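A short worksheet on the structure shown next.
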Amino acid sequence: MKPAQPKPMRCAVYTRKSTEHNLDLAFNSLDAQRESCEAYVKSQAHEGWSLLPERYGDGGLSGASLNRPALQRLLAEIQCGKVDIVVVYKVDRLTRALADFAKLVETFDAHGVAFVSVTQSFNTTSSMGRLTLNVLLSFAQFEREVIGERVRDKIAASKRKGLWVGGPVPLGYRSEAKTLVVDPEEARIVRTIFERYLAVGSTRLLIEDLYQRGISPRGRPGSGQPAAGGDARRFLAGPLGHILKNRFYIGEIAYRDEVHAGQHEPIMDRVTFAAVQDRLRDATVGRRTSRSGPAALLAWLLYDDRGHRMTPSHANKRGARYRYYVSQAVMQNRLTDAGSRTRVAAPDIEALVVDVVRDKLAPRTAQTPGRTRATLVPHTTLGEPEIIARVQRIVLAATEVTIFLHGPDVNGRSTGLASASDIEASARPSEQVPADGSASIVLTVPWARRGRSARKGIASEPSGDGPLDPETRKTLLMAIGKARLWVQDLLDGRAESLETIAQREDRGERHIRLLAPLAFVSPQIIAAIADGTAPAGMTVTALARALPHAWSEQERKIGIA
């Protein structure tokens, strides 16, 4: 009888070196590791082992992470079924973290890949072999952590003595014999940067000012180096801000929360540096204040005609930000309870309210002997906060907007509102008593404003009220069509799971799971969307989230007879 031929086993050798030291030699540590692994593979040729020609070597990369180019390439080959055995010189060449090794072993087992260490004999198929492997990895992880602690302690001690411990050389200095000395030409550029920032007062303006003066970055990390594809003649805002805040230029070294006196020569004087820090601090406070300001003028004031508060919302499309007010009934998936207008473009309604109230406010008058004299400040100069402060409530109906203004207070004093005779017929006032019992002046304004507009640099879209506009109808029908296609792919076996579909569509799996139920929308709802008779304000998200299983329940909840 002929002996059975061994099964061919394709072997991939992985090598790693933690530092870049001596990597430029003709025969370095990576080559030595690979040579030992190749010899071991040849010794197992009788078992059918054969060496793959591809090299998987990571030089200068730590074993604390799996984010290594050659290792990721090896894992990709394993997932494609091109590798049967992974050969390493030592276990810690693969990883020095137990958690990462557990992930690798899981990947190896899932694809039937064996793991071999040339210098360490163990068999992972037995419990004792796995214990031995875990003990080895525990010591490898311990060794890495001890080395890290030792390096960090050395760096901290050097920083406390004011020594430069390496890394990117700051602009204005050059490295000589592992110490920093001032570069006169670059030091002049640093002083110019600080002086010009105090003159222009803005990082953005400083970038343009330096560009106009022909001052360009040095092109090294930490010195304003432009991003890939950027203009090499311009500083970047991030690195430029780092230069302005760097205490290294006044002869100090900052390490964590401590500042130590440095042994290098300072470039900047402390007075100028302190003035720049004050200016930067003021600019930061200003930006935070502007960002934290009210984003919606009519928040807590706008309601639909069924009494539901309309909440500020927004959407980002193609780099533009669109702001809306959306009825709480829609946000809670209660479409049948919503008013006649469920969504409105924020810039449109805000502009209408501000313009109407400003136009209807008359200048306050003061009585003087013999005549009536108007105040010096006309009503047209009132700002938006002052105008909105006079608004008590706004009700949005299908064809009109009703604005309730604060009337006279309990003592009968005027709030600065126009009298009834001063208000035009297009917005006639009436005294009403709201729910809180205080008198109000009511302005009713026709509302038929649609289309695109822009206010304060914020784009506006059609409000989505009334019959469905063509764009919304198209979006809904496309979403339903995609959902049906995805479900059919799952049924026919063209897609294994929703995760596969998400990768194919280059979308998040959560997005696919949200839209997939649209494949089971009632035909009557689809017909209503196609002919434009579906309820106003219907969106893809609202439809997908409010979708019962029974078609009759869907139609009842959506409000289609």
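A Cβ distance below 7 Å, combined with a sequence gap of six or more or placement on separate chains, defines the contacts here; from the stretch 259-281, residues that are farther than 22 Å from residue 240 by Cβ and open to solvent by 80 Å² or more (accessible area, probe 1.4 Å) reach residues that are not in a loop (DSSP other than H, G, I, E, B) and not acidic (Asp, Glu) in the pairs 265/182.
To keep it simple, each residue is scored yes or no on (1) open to solvent by less than 30 Å² (accessible area, probe 1.4 Å); (2) at pLDDT 50 or above; (3) not in a loop (DSSP other than H, G, I, E, B); (4) not acidic (Asp, Glu).
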| site | (1), (2), (3), (4) |
| --- | --- |
| 323 | no, yes, yes, yes |
| 351 | yes, yes, yes, yes |
| 373 | no, no, yes, yes |
| 393 | no, yes, yes, yes |
| 402 | yes, yes, yes, yes |
| 409 | no, no, no, no |
| 414 | no, no, no, yes |
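Out of 2, 7, 90, 42, I need the residue that is of a type in the set (Lys, Arg), open to solvent by 80 Å² or more (accessible area, probe 1.4 Å), under 29 Å from residue 131 (Cα atoms) and at pLDDT below 90. Which one? It is 7. The set of residues in the stretch 180-214 that are open to solvent by less than 20 Å² (accessible area, probe 1.4 Å) and in contact with a helix residue (DSSP H, G or I) (Cβ under 8 Å, 6 or more places away or on another chain) comprises 190, 193, 194, 197, 206, 210.
Listed by first and then second residue, the pairs linking a residue in the stretch 112-141 that is farther than 23 Å from residue 84 by Cα to a residue that is at pLDDT 70 or above and in a loop (DSSP other than H, G, I, E, B), with Cβ atoms under 6 Å apart and 6 or more places separating them unless they lie on different chains, are 140/96; 141/96; 141/97. Out of the residues in the stretch 123-164 that are assigned to a loop (DSSP other than H, G, I, E, B) and loosely packed, with under 14 Cβ neighbours inside 10 Å, which is modelled with the lowest pLDDT? Only one residue fits best here, namely 125.
Here 312, 347 are screened, and the one residue that is surrounded by 15 or more Cβ atoms within 10 Å (Cβ to Cβ), assigned to a strand (DSSP E or B) and in contact (Cβ under 8 Å) with a residue 12 or more places away in the chain is 312. Of note, residue 96 satisfies the criterion of being among the charged types (D, E, K, R) and touching a Lys or Arg at 6+ places or on another chain (Cβ under 7 Å).
From the list 188, 174, 218, 213, the one residue that fits, being touching an Asp or Glu at 6+ places or on another chain (Cβ under 8 Å) and modelled with pLDDT of 85 or more, is 174. In the set 51, 30, 23, only one residue is surrounded by 12 or more Cβ atoms within 10 Å (Cβ to Cβ), modelled with pLDDT under 90 and either of a type in the set (Val, Ile, Thr) or touching a strand residue (DSSP E or B) at 6+ places or on another chain (Cβ under 9 Å) (or both); that residue is 23. Restricting the stretch 506-561 to residues that are polar (S, T, N, Q) and more than 23 Å from residue 485 (Cβ to Cβ) leaves a set whose member that is modelled with the lowest pLDDT is 533.
Being under 24 Å from residue 17 (Cβ atoms), not in a helix (DSSP H, G or I) and not acidic (Asp, Glu) narrows it down to one of 101, 115, so name that one.
Details: 101 fails: not in a helix (DSSP H, G or I).
On inspection, the qualifying residue turns out to be 115.
Checked against (1) of a type in the set (Gly, Ala, Ser); (2) open to solvent by 10 Å² or more (accessible area, probe 1.4 Å); (3) at pLDDT 85 or above; (4) more than 10 Å from residue 396 (Cβ to Cβ), residue 340 passes all but condition (4). Would you be able to say whether some residue in the stretch 504-515 is more than 21 Å from residue 326 (Cβ to Cβ) and over 28 Å from the mean Cα position of the chain (by Cα)? Within the stretch 504-515, none of the residues are more than 21 Å from residue 326 (Cβ to Cβ) and over 28 Å from the mean Cα position of the chain (by Cα).
Selection of the stretch 57-97 for residues being among the β-branched types (Val, Ile, Thr), farther than 16 Å from residue 143 by Cβ and part of a helix (DSSP H, G or I) yields only 78.
Summed over the stretch 510-561, residues that are among the acidic types (Asp, Glu), open to solvent by 60 Å² or more (accessible area, probe 1.4 Å) and over 18 Å from residue 478 (Cα atoms) total 1.
The values are calculated or read from the model by the stated rules, or taken from the named source; none is laboratory data. Because the structure is a prediction, the values reported are computed rather than measured. We place every Cβ from the backbone using ideal geometry, glycine too, and count neighbours over all the protein chains shown. Protein only, heavy atoms only, side chains kept; ligands, DNA and RNA dropped before computing areas. Shrake-Rupley method; radii C 1.70, N 1.55, O 1.52, S 1.80 Å.
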